[in-house]
Amino acid sequence: MASFKSLPGFRDFYPEDLAPRTHLFRQWRRSAHAYGFQEYDAPVLESLDLYKAKSGDEIENQLFSFTDKGGREVALRPEMTPTVCRMVGAKANALKRPIKWFSIADFFRYERMQKGRGRCFAQFNGDIFGEAGPEAEIELISLLIQCLRGLGLAADDFYVRLSDRNLWFYYLEALGLGEEQVRGMLGAIDKFERLGEAAFEIYTKAHGEMPETLKTAVLRMLAIKSLSDLERLVTELDNEQLTNRLADWRQVLGGLDAMGLSDFVSVDLGVVRGLAYYTGFVFEAFDRKGDLRALAGGGRYDDLVKKLGGPALPAVGFAIGDMTMELLLKERGLLPEVASKPDVYVVVGGGAERLAAFGDIAALREVGYRVDYPMKDLGFGKQFKNATESGARLALIYGEDELAKGVVKLRDLSQREEVEVPRDQVAAAVRDFLSA
Ligand code: HAM
């Protein structure tokens, strides 16, 4: 018979694989709660229309989509943003603003497989709706940083590159480009890091020759690496839109600085984000060594709720992926050891002892100890071997002799020392031993 494997790009989670993921999720939840975000969830299957022309060509081409038995065109969600916009839009008037929501869920993209990229992956999504000013960016970028710091990563492990599609629009429009040309140029800039100047062909193919002055101007923006670089350029250009936008930049970077986060953030206009719906500040998190693809990405998307049928509602958000995150934590030795060891292993005789032990096992489990015991009657020697291999620190021994005396033996498995305690004092003795 054929043996079955999981589909390419889909992962099985054996217990040792699931433990790190559970660790990520637990830390992310803790960070989101500390920031006052509320958790939501949504269906994995959505109507195909939700993504058409909204997420952008790249994601649209990667959809797992099909026609269901009722003739509906549906898709497995490739990202959460359209879904959360649909949900918030439907109840926008009833929700207290700002709406600060998060989720942890699986997503599906038919991607070419490579390191840190799969076809089913998990994301933490954090989004704020109803806040038009840069305070939302400050809150979200600091939450993103906290989600990574909460896992033990520091400023020499990762950083957030902050950029701004508005700044590009004002800059390129001041240079005479129309809206479509600016969009074409942003498409080229999105590929610049990978392709270098060859990326400009994306622009020239659609919009014709690129004058040298335009190229120089774009390269100049790409070379900006700090707020003072940006201030210098804006002062020189003396353009009102750019000058006003600089005030937002000062607010975002000033706020993050006041939170003690400057070391985690760098100004980098090379980030423009491939998704179609972003409208303002955009940002991505990377490992410092640059070995991995993006850890996280996000930005402002003020028009999407309305485009999907809701009211006009400003929004900012980001998502962290589990795959690159786990690779980075592994590289840095920051993944905790699998913690599935019992606290106590019960070694038990084959007769009435078993039922006597069951009562104590139930009582210990009820107060929260992890307790294991053999399912079958085994010799004591074999049971002690199992007890040691289980990783438990303590064995409780329920033999015929012990029960006849009304006691249980406690064996310290690392020291191989034993003491006898009266049956009714087992719970207290276990607690004293394990907390010592
Ligand atoms: P994204 O940049 O497409 O943004 O994905 C965010 C993160 O998800 C990436 O940085 C990466 O870590 C992870 N990721 C994406 N695709 C894959 C894949 N095929 N395999 C493994 N990991 C992957 C979004 O999804 C936006 N919806 C984020 C957002 C939320 N914007 C506003 N709110």
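Bear in mind these aren't lab numbers, they're just calculated from the coordinates by the rules spelled out. Not measured: the values here are computed from a predicted model. Glycine gets a Cβ as well: all are built from the backbone with ideal geometry, and neighbour counts include every protein chain shown.
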TODO: In Å and from the alpha-carbon atoms only, list the Rg and Dmax of segment 120-265.
DONE: 17.2, 49
Task: Ratio of Rg to Rh over segment 183-329 (Cα coordinates, Kirkwood Rh, two decimals) - done: 0.97
- [ ] Work out Dmax and Rg for segment 376-419 from the C-alpha atoms and quote the Rg first, both in angstrom.
- [x] 10.7, 29
Task: Extension gain (nm, one decimal) between LYS409 and LYS96, 0.36 nm per residue minus Cα-Cα - done: 106.8 nm
Task: Over 25 Å between alpha carbons, listed pairs LYS191/LYS215; LYS382/LYS409; LYS69/LYS306 - done: LYS69/LYS306
Task: Fraction of alpha-carbon pairs over 30 Å apart in the chain - percent - done: 56
- [ ] State, to one decimal in nm², a quarter of the convex hull surface area for the C-alpha atoms of segment 344-435, i.e. the direction-averaged projected area.
- [x] 5.3
Task: Binned Cα-Cα distances of segment 253-388, short to long, each 10 Å bin given as a whole percent - done: 9, 22, 18, 12, 14, 15, 10, 0
- [ ] State the Cα centre-to-centre distance between segment 86-119 and segment 325-366 in whole Å.
- [x] 35
Task: Euclidean distance between Cα centres, segment 134-165 to segment 243-263, Å - done: 13
Open item on the list: I need the calculated FRET efficiency for the pair ASP17 and ALA174, taking r as the beta carbon distance and R₀ as 56 Å, to the nearest 0.05.
Closed with: 0.60
Open item on the list: Compute the distance from the alpha-carbon center of segment 1-54 to that of segment 175-213, in whole Å.
Closed with: 35
Task: More than 21 angstrom apart: percent of Cα pairs within segment 10-72 - done: 56
Open item on the list: Counting only helical runs of four or more DSSP H residues, what would the 222 nm mean residue ellipticity of the chain come to if each run contributes -39,500 (n - 2.57) and the total is spread over all its residues?
Closed with: -13000 deg cm²/dmol
TODO: Please sort through the DSSP H helices of the chain and keep those with an alpha-carbon extent of at least 30 Å along the long axis and a Kyte-Doolittle average not below 0.5.
DONE: none
Task: Stokes-Einstein D in µm²/s, Kirkwood radius over Cα pairs - segment 23-128 at 25 °C with 0.890 mPa s viscosity - done: 162
- [ ] Can you spot the aspartates and glutamates whose alpha carbon is less than 17 Å from LYS54's alpha carbon? Ignore those fewer than 8 places along the same chain.
- [x] GLU46, GLU73, GLU79, GLU180, ASP302, ASP303
Task: Electrostatic dipole magnitude of the chain [Cβ: Lys, Arg +1; Asp, Glu -1; Cα centre; debye, to 20] - done: 820
- [ ] Report, ordered by chain and residue number, the lysines lying within cross-link reach of LYS330, taken as a straight Cα distance under 27 Å and ignoring same-chain residues fewer than 8 apart.
- [x] LYS5, LYS115, LYS289, LYS341
TODO: Enumerate the calculated ³J(HN,Hα) couplings along segment 119-128 in order (Karplus 6.51 cos²θ - 1.76 cosθ + 1.60, θ = phi - 60°), each rounded to whole Hz, writing x wherever the residue is Gly or Pro.
DONE: 9, 9, 9, 9, 10, 8, 10, x, 9, 10
Task: Rounded to 5, percent antiparallel among DSSP beta bridges of segment 344-435 - done: 60
Task: Dipole of the chain [Lys/Arg +1, Asp/Glu -1 at C-beta], most positive-end residue of ALA217, VAL371, PHE121 - done: VAL371
TODO: Mind listing the long-range amide H neighbours of ASP302? Cut-off is under 5 Å, sequence gap 5 or more, other chains count too, H placed in the peptide plane at 1.01 Å from N.
DONE: THR279, ALA315
